[in-house]
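Structure, as structure tokens:
The values are calculated or read from the model by the stated rules, or taken from the named source; none is laboratory data. Keep in mind that what you see is a predicted model, and the values were worked out from it rather than measured. Backbone-built Cβ (ideal geometry, glycine too); neighbour counts: all protein chains shown.
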Amino acid sequence: MVRSLIDSPKRPHTGVASSTVNVIRGLSIAIALLVVACGGEPSVEVVQTVMPSPLPSPVVPVIVVPTATPEPTVPGSTPTAEPTATPVPLGSWDVLSPLKHARSDHFAVRLVDGRVLVGGGFGPDGIMATTETYSPADDSWAEAGELIIARTGGVAALLQDGRVLVTGGNSGGDANDLDSAEIFDPLTGVWKLIAPMASKRNIHTATTLGDGRVLVAGGFDGADYPDLVTDNVQLFYPATDSWESAEPMPADFLQNDGGRAIHGAVLLSDTQVMIVGGLGFGSGGLPDLASSLIFDSETGEWTVADSLLNGRRGHATTLLTDGRVVVTGGQGPMPFAEVWDPEEDVWDGSGVNLTPRLGHSAVALPDGGILIFGGSGSGRRNQLVSAEFLRSGADTWEEAAEMSTARTGVTVTPLEDGRFLVIGGNGDSGALDLVEAFSTNE
């Protein structure tokens with residue numbers, strides 16, 4: 001009703017005024033005719049008449065609708081859209097002092113005093129025996145003597161007494177996988193050769209248990225096809241610097257035995273080690289394995305866990321802070337990740353990586369997520385510079401800050417100050433002396 005009143009046109013109230021005018025007009029005409037009839041000239045006096053005022057219009061309420069005050073504009077300017085926040089990639093990379101010797105496919109381990117020991121690998125002059133230590137306190141490198149046997153692909157494990165055990169690797173050529181092992185004492189700076197392992201092994205795993213022993217499993221064994229990988233497992237006893245054979249890894253359903261190499265291993269608890277995937281041998285050739293195994297050092301037995309959704313080798317296997325295990329990438333290269341739930345013993349997908357990658361590195365982040373970086377996209381020489389991360393509980397990967405140089409074959413070691421030290425690797429021109437530290441910005 002209010003709107004109809006506002007919108008209807010106003011009409012003047014003219015009924016009274018029209019009647020008065022008509023009466024006056026009639027009297028004037030009658031007088032004029034009378035005068036003419038009497039022979040006189042008509043004389044008409046113009047009389048000013050007062051027109052009555054129209055009746056007052058009804059009072060219509062006026063509704064005022066508040067409107068936003070427009071922003072002042074500069075003549076000739078065009079309105080601009082509201083700015084949108086640009087996502088900031090996770091973390092940052094800082095280039096540190098370079099290695100004394102460029103190297104890739106080497107080993108690295110953080111010592112008890114916070115320094116990082118790096119050794120072996122492949123450099124400009126071939127397989128290396130040199131080792132060196134990095135001091136985070138003053139960003140400097142120092143020579144740390146030479147290995148007794150030059151090796152690439154060797155695996156290092158920190159012992160509870162502060163010494164470092166280095167096992168296996170390769171000294172040049174497929175037939176030169178190594179069964180040798182040696183120990184570095186940081187107090188004396190001396191390397192010592194110890195008793196050999198029961199099997200040659202290269203690109204294997206070595207995991208320090210809660211009681212101080214080291215579980216060494218699988219690897220290439222230097223033999224000719226088809227005997228390329230070993231199922232041999234050994235335990236190292238630091239108190240006596242001796243070896244004891246353990247139960248071999250159980251056979252995967254795709255192969256004739258439990259031998260595997262290029263697999264992953266994580267310490268689930270003080271007494272349990274999980275072995276994931278790898279390259280095996282079967283009647284049909286060299287399958288990428290999907291099986292997962294758990295070794296219990298108290299019973300000395302293996303348990304077959306849930307299998308991966310996809311067989312893979314050359315992947316990264318990472319233990320998250322909440323006890324779950326994540327595998328990323330692998331032969332192909334694989335473009336997606338899988339997560340193992342220890343309570344349900346189930347592997348489940350965890351989103352598609354932004355970039356498929358193989359031979360990359362991965363680290364668990366303090367907030368429960370995971371960071372992956374480097375590696376190769378397709379072919380060994382297609383090194384990647386990118387990095388990405390997956391937040392805890394998320395299924396979408398996000399972009400992280402890039403490294404300064406694309407590379408594969410690096411080592412990554414957590415420092416006491418929360419940074420991750422990334423050392424050496426292969427770039428476009430071969431082995432690198434590049435050292436970078438990754439820091440989160442959250």
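Only one of the numbered conditions (1) in contact with a Phe, Trp or Tyr (Cβ under 8 Å, 6 or more places away or on another chain); (2) free of Cβ contacts under 8 Å to residues at least 40 places away in the same chain; (3) among the charged types (D, E, K, R) is violated by Asp231, and that is (1).
Restricting attention to region 345-368 and to residues that are at pLDDT below 95 and of a type in the set (Gly, Ala, Ser), the residue that is surrounded by the most Cβ atoms within 10 Å (Cβ to Cβ) turns out to be Gly359. Residues in region 84-120 that are modelled with pLDDT of 95 or more, farther than 22 Å from Gly154 by Cβ and part of a strand (DSSP E or B): Ser92, Trp93, Asp94, Val95.
Would you confirm whether or not region 243-256 contains a residue that is surrounded by 24 or more Cβ atoms within 10 Å (Cβ to Cβ) and either over 19 Å from Val214 (Cα atoms) or not assigned by TED's automatic domain parsing to the domain that holds Gly168 (or both)? So far as region 243-256 goes, yes, one or more of its residues are surrounded by 24 or more Cβ atoms within 10 Å (Cβ to Cβ) and either over 19 Å from Val214 (Cα atoms) or not assigned by TED's automatic domain parsing to the domain that holds Gly168 (or both).
Among the criteria (1) at pLDDT 95 or above; (2) aliphatic (A, V, I, L, M); (3) not in a strand (DSSP E or B), the one Ala175 does not fulfil is (1).
Scanning region 100-133 for residues that are more than 23 Å from Thr207 (Cα to Cα), buried (at least 24 other Cβ atoms within 10 Å of the Cβ) and not hydrophobic (A, V, I, L, M, F, W, C) gives a single hit, Arg103. Among the numbered conditions (1) aliphatic (A, V, I, L, M); (2) closer than 17 Å to Glu388 by Cα; (3) part of a loop (DSSP other than H, G, I, E, B), the only one that Ala290 does not meet is (2).
Being farther than 28 Å from Asn170 by Cα and of a type in the set (A, V, I, L, M) holds for only one residue in Leu308, Leu293, and it is Leu308.
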